[in-house]
Amino acid sequence: METFIGILIPFIGTTLGSACVFFMKKSLSNMVQRSLAGFAAGVMVAASIWSLLIPAIEQSESMGRLSFLPAFIGFWIGILFLLLLDHMIPHLHVGSEQTEGPKRNLSRTAMMVLAVTLHNIPEGMAVGVIYAGFLAGNTSITAAGALALSIGIAIQNFPEGAIISMPLRAEGESKSRAFWGGVLSGVVEPIGAVLTILAAQFVIPVLPYLLSFAAGAMLYVVVEELIPEMSQGEHSNIGTIFFAVGFSVMMVLDVALG
C-alpha cells in the first residue's frame, strides 16, 4: 500500500494542477510560466543527483574505482532514449509555434498533451525505480527517501498540470476537456512507475543502471525543454531564481527525509 500511494502522489499533483482551469479565468502570464519552468527544472536536477545518480554509484561500490561505470552507462542510455522519443513522437511545446518530431495530422491540443506526456515519462520511471530499490531491500534507499522523491515530483507536477490545462483552455477547449488533457498527460507517470518496478523485480542487478537511466532521461528534459523555456524573453533571471528554489526544495526533502 505504501508503494501504491507513493507512485500515485506525482499523478495527484498533476491532477490538482490541471484543476486550476476551473478556478482561474486567465491564462498564465509568461513570467509565471518561466517561474514554473525554472522551479520544475530545479526539482528535476536535484532529484537526478541526490535520489538517482548518487544511489546508483553507492550501489556499485563493490566495483572499486569503476563504481561510476553503471551510472555513466545508464545515464547515457537515458539521454539517448529521450532523444529517440523526441524524434519519434510528434509534439508541440507550450508557447511554441514550431512542432517537433514526425509530421502528423494531429491537432495542436493533441500535440501539446504529447509534449507534456513525453516530459513525464522519465519522472514516472524515476519514481518506479526508486520504489523498486526500496522493495528489493536496498539499504541505500529508504521508504522516506522514496517518498521524498514522490513528493518533490508532485510539487513540480502541480504547476505543470496548470501549464498544460490553461493553454488548452486558451486554445478554445472547454474547461472539462482542458482539465482531462492535463490529467491525461500525467497518466504516463504511474504507468511508467509500475512497469519500471516490474522490470526491476526481474533483474535486480541492473538497478544502478535503471536509477541513472531515469536521471539521464530527466536531465535531457531539463536541458532540452525547461531551461530554454525559463530563459526566454525579458527578465529571464526570474526563471533562474525559481530554479534555485526548486533545487533547494528537492535537496531539503531528499536529505531530510532520506
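The values are calculated or read from the model by the stated rules, or taken from the named source; none is laboratory data. These numbers were taken from a predicted model, which means no experiment stands behind them. Cβ placement follows ideal geometry from the backbone for every residue including glycine, while neighbour counts extend to all protein chains displayed. The area values use the complete protein model at the heavy-atom level, side chains included, leaving out ligands, DNA and RNA. Shrake-Rupley method; radii C 1.70, N 1.55, O 1.52, S 1.80 Å.
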If I filter region 113-121 for residues that are modelled with pLDDT of 80 or more and either open to solvent by less than 50 Å² (accessible area, probe 1.4 Å) or β-branched (Val, Ile, Thr) (or both), do I get at least one hit?
yes
Counting only residues that are of a type in the set (D, E, K, R) and outside any loop (DSSP other than H, G, I, E, B), how many does region 167-196 have?
4
Could we say that residue 164 is part of a helix (DSSP H, G or I) and open to solvent by less than 10 Å² (accessible area, probe 1.4 Å) here?
yes
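Given 171, 189, which one is surrounded by 23 or more Cβ atoms within 10 Å (Cβ to Cβ) and of a type in the set (Asp, Glu)?
Criteria check complete, one pass: 189.
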Looking only at region 165-183, decide whether some residue is under 26 Å from residue 79 (Cβ atoms) and either over 20 Å from the mean Cα position of the chain (by Cα) or of a type outside the set (Asp, Glu) (or both).
no
Some residue of region 227-235 being under 30 Å from residue 59 (Cβ atoms) and surrounded by fewer than 21 Cβ atoms within 10 Å (Cβ to Cβ):
yes
Which residues, counting only those in region 243-258, are under 10 Å from residue 42 (Cα atoms) and surrounded by fewer than 23 Cβ atoms within 10 Å (Cβ to Cβ)?
244, 245, 247, 248, 249, 251
Residues to consider are 182, 172; find the one that is without any contact (Cβ under 8 Å) to a residue 40 or more places away in the chain and closer than 23 Å to residue 21 by Cα.
172
Sole miss for residue 180 among (1) modelled with pLDDT of 85 or more; (2) open to solvent by less than 70 Å² (accessible area, probe 1.4 Å) is condition (2)
Just to be sure, is residue 84 closer than 23 Å to residue 38 by Cα, modelled with pLDDT of 75 or more, hydrophobic (A, V, I, L, M, F, W, C) and in a helix (DSSP H, G or I)?
no
Just one of 230, 218 is farther than 13 Å from residue 49 by Cα and either modelled with pLDDT of 90 or more or touching a helix residue (DSSP H, G or I) at 6+ places or on another chain (Cβ under 6 Å) (or both); which is it?
230
Let me spell it out: the conditions are (1) modelled with pLDDT of 75 or more; (2) among the acidic types (Asp, Glu); (3) under 18 Å from residue 163 (Cβ atoms), and residue 100 meets all of them except one. Which number is the exception?
(1)
Which residue pairs have Cβ atoms under 7 Å apart, sit 6 or more places apart or on different chains, and have a first residue in region 46-61 that is within 13 Å of residue 141 (Cα to Cα) and touching a residue at least 12 places away in the same chain (Cβ under 8 Å) and a second that is open to solvent by 70 Å² or more (accessible area, probe 1.4 Å) and of a type outside the set (Val, Ile, Thr)?
57/68
